[in-house]
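The values are calculated or read from the model by the stated rules, or taken from the named source; none is laboratory data. Everything numeric in this text was worked out from a predicted model, so none of it was measured. No Cβ is skipped: glycine too gets one built from the backbone with ideal geometry, and neighbour counts run over all protein chains shown. When the accessible area is computed, the model is the full protein with side chains, heavy atoms only, and any ligands, DNA or RNA have been set aside. Shrake-Rupley method; radii C 1.70, N 1.55, O 1.52, S 1.80 Å.
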Amino acid sequence: MGLQQGFVTWFVGVLFLTTLLLSSADVHHYEFFVRESNFTKLCNTTTLLVVNDSYPGPEIRVHRGDTVFVNVHNQGNYGFTIHWHGVKQPRNPWSDGPEFVTQCPIQPGTNFTYEIVLSDEIGTLWWHAHSDWTRGSVHGAFIILPAKKETYPFPTPDADQTVILESWYDGDYKQIIDDALAAGVSPRQPNAYAINGHVGDTYGCPNDTIFRMQVDSEKIYLLRIINAAMNEHFFFTIANHTLTVVAQDASYVRRFTRDFILISPGQTMDVLVSANRNVGQYYMAIRPFSDSSAAPIDNITTGIFQYTNSEGGLNASLITLPVMNDTDAMINFLNQIRNTNVSQNPRINVPADKDIKRRVFITLAVNNLPCSTCVVGSRLVASLNNVSYVSPSIDILQAYYNRNMSGVYTEDFPLNPPVIYDFTGNLTNLNTPVEEGTRVIVVNYGEGVEMVLQATQMGAGGSHPIHLHGFSFYWVGTGFGNFNNKTDPSTYNLVDPPLINTVHVPGRRWVAIRFFATNPGVWFMHCHLERHSSWGMDTVLIVRNGKTKKTSIRPPPSTMPRCPGT
């Protein structure tokens with residue numbers, strides 16, 4: 001399929017959605033007041049920056065194709081931004097949110113209104129702060145219901161329930177990462193994990209609360225599961241119940257049933273569960289997964305799946321979850337995820353080999369750089385292709401759009417690893433050179449793009465959830481060991497690959513993604529393990545304008561926050 005033909009196919013595939021949504025789309029307005037509030041958990045009171053005095057923050061609930069305006073008032077002590085995770089924002093990078101990429105921070109005592117433009121997203125997404133570590137407490141669900149004349153491609157649930165998985169720290173999230181960066185060391189571990197803000201009954205404080213989901217016998221429920229944790233992949237289960245996965249990252253997938261799911265930071269999953277067991281109370285539970293030598297704390301956090309009129313104690317006190325380092329469970333779960341050819345999804349339009357005009361092979365690593373002021377004489381950094389991202393002081397989108405600012409970024413991100421080695425082997429004595437810089441990838445509008453993301457054993461190794469703003473992409477391939485560009489492409493799934501926005505790159509493996517670059521703008525790409533992103537495992541994709549107004553970036557709103565010192 002040629003480039004022009006590929007775009008036509010994509011356009012025809014979503015034409016039915018456009019016709020449907022234009023006739024029924026609504027406009028919604030929300031007010032977010034972001035300020036410090038006190039919360040008591042683990043028998044300790046902590047002051048957090050939150051939205052509307054709630055943790056997690058308020059839920060946005062709209063229909064597919066709607067437009068949402070969110071007026072964000074900064075009543076806190078420092079600047080921040082908000083990102084609408086998984087929303088493509090066609091031609092509208094100005095409201096995407098990552099700090100110093102598409103905007104400068106909203107300063108204390110000011111406000112900024114985001115315009116969130118929905119297109120073909122369906123299901124569960126989320127929003128979160130995108131400055132330092134403030135997303136740890138500034139986050140919430142973004143629920144996109146079917147359009148008003150649209151149905152689900154599965155049995156209509158009797159009700160739905162948002163389930164947000166979180167990392168709980170006793171302390172200010174921004175201060176935690178600021179202290180770690182100053183010392184050059186890894187930030188401390190969370191004190192607990194939480195479900196919808198509740199830490200459950202496993203941490204020993206008698207005052208802690210547990211999340212309870214009340215259900216009626218024989219009813220079907222849609223769980224909207226969001227992993228908002230800072231650095232933890234999670235296994236999730238409901239004791240004695242089966243989970244049917246129906247969507248990931250706001251796109252429907254072929255239904256499959258498991259006793260547990262695996263969900264990485266940044267990802268969302270829609271899961272059906274039938275309340276078809278004996279009336280009672282059953283644990284829901286999460287436990288971290290890790291294939292890294294820098295493992296998280298192996299805590300289990302609980303909630304309760306409670307049938308109406310149930311009496312007495314828990315029917316199932318035994319929680320069955322894979323052990324924390326069960327890589328077979330991880331791989332077997334990921335291998336189940338496939339696209340589904342239903343009318344509610346965009347027509348599957350995977351770039352074919354001849355459509356690919358830009359190939360990028362990226363290694364993911366954690367490294368060290370000398371540091372005379374740090375506690376051990378060096379500091380931890382992270383890199384993509386041996387480049388550790390440095391955040392500029394003026395946002396890249398402004399510099400790119402205005403064309404009158406130099407020195408903000410360079411267009412020379414390496415498209416291949418500058419040093420070739422056995423990426424997944426024993427790297428004990430290997431120390432590859434790392435450069436710091438703000439180096440971006442530039443592609444032309446409409447080009448087919450392939451990216452191969454290679455996990456390495458540099459540093460602690462392990463999995464990385466890689467998120468690309470502005471796009472959903474097709475996850476077309478994965479394999480163990482080092483990617484071979486001659487033999488591995490023959491294993492790609494170009495028939496029904498999942499359409500996602502955050503891909504789990506397992507340790508000692510590679511993944512390949514493909515997409516058409518049909519969204520002009522400046523788009524952040526980063527690891528959603530927050531410590532890795534803070535250390536520089538990030539880059540920026542710039543998609544040039546097309547030849548028409550409708551294939552070009554929209555003009556900026558006049559109310560964009562000013563950059564410090566400008």
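From THR340, THR327, THR320, grab the single residue that is within 21 Å of GLN248 (Cβ to Cβ), open to solvent by 50 Å² or more (accessible area, probe 1.4 Å) and β-branched (Val, Ile, Thr).
THR327
Quick one: which strands (runs of 3 or more DSSP E) lie wholly within segment 403-485 and hold at least 3 residues that are touching a helix residue (DSSP H, G or I) at 6+ places or on another chain (Cβ under 8 Å)?
The strands (runs of 3 or more DSSP E) meeting that bar are 473-480.
Residues in segment 498-531 that are small (Gly, Ala, Ser) and within 19 Å of SER383 (Cβ to Cβ): how many?
1
Exactly one condition in (1) assigned to a loop (DSSP other than H, G, I, E, B); (2) within 21 Å of ALA512 (Cα to Cα); (3) hydrophobic (A, V, I, L, M, F, W, C) is false for ALA365; which is it?
Here ALA365 clears every test but (1).
Inspect segment 486-499 for any residue being in contact (Cβ under 8 Å) with a residue 40 or more places away in the chain and more than 15 Å from VAL350 (Cα to Cα) and give the result as yes or no.
The answer is no, given that none of the residues of segment 486-499 is in contact (Cβ under 8 Å) with a residue 40 or more places away in the chain and more than 15 Å from VAL350 (Cα to Cα).
For the list (1) in contact with an Asp or Glu (Cβ under 9 Å, 6 or more places away or on another chain); (2) farther than 30 Å from VAL253 by Cα; (3) acidic (Asp, Glu); (4) not in a helix (DSSP H, G or I), I need the number of the one condition that ASP178 fails.
So the condition that ASP178 fails would be (4).
When you check VAL495 against the structure, is it open to solvent by 10 Å² or more (accessible area, probe 1.4 Å), at pLDDT 95 or above, of a type in the set (Val, Ile, Thr) and not in a strand (DSSP E or B), yes or no?
yes
For segment 31-53, does any single residue satisfy the condition of being modelled with pLDDT of 95 or more and farther than 28 Å from ASP170 by Cβ?
Yes.
Checking the condition modelled with pLDDT of 95 or more, open to solvent by 20 Å² or more (accessible area, probe 1.4 Å) and hydroxyl-bearing (Ser, Thr, Tyr), which residue from THR502, THR559 passes?
Checking each option against the conditions leaves just THR559.
In segment 37-80, which residues are part of a loop (DSSP other than H, G, I, E, B), hydroxyl-bearing (Ser, Thr, Tyr) and either buried (at least 19 other Cβ atoms within 10 Å of the Cβ) or out of contact with any helix residue (DSSP H, G or I) (no Cβ under 8 Å at 6 or more places or on another chain) (or both)?
TYR55
Only one residue in ASN299, ASN309, ASN278, ASN315 is open to solvent by 50 Å² or more (accessible area, probe 1.4 Å), touching a residue at least 60 places away in the same chain (Cβ under 8 Å) and over 23 Å from VAL253 (Cβ atoms), so which one is that?
It is ASN315.
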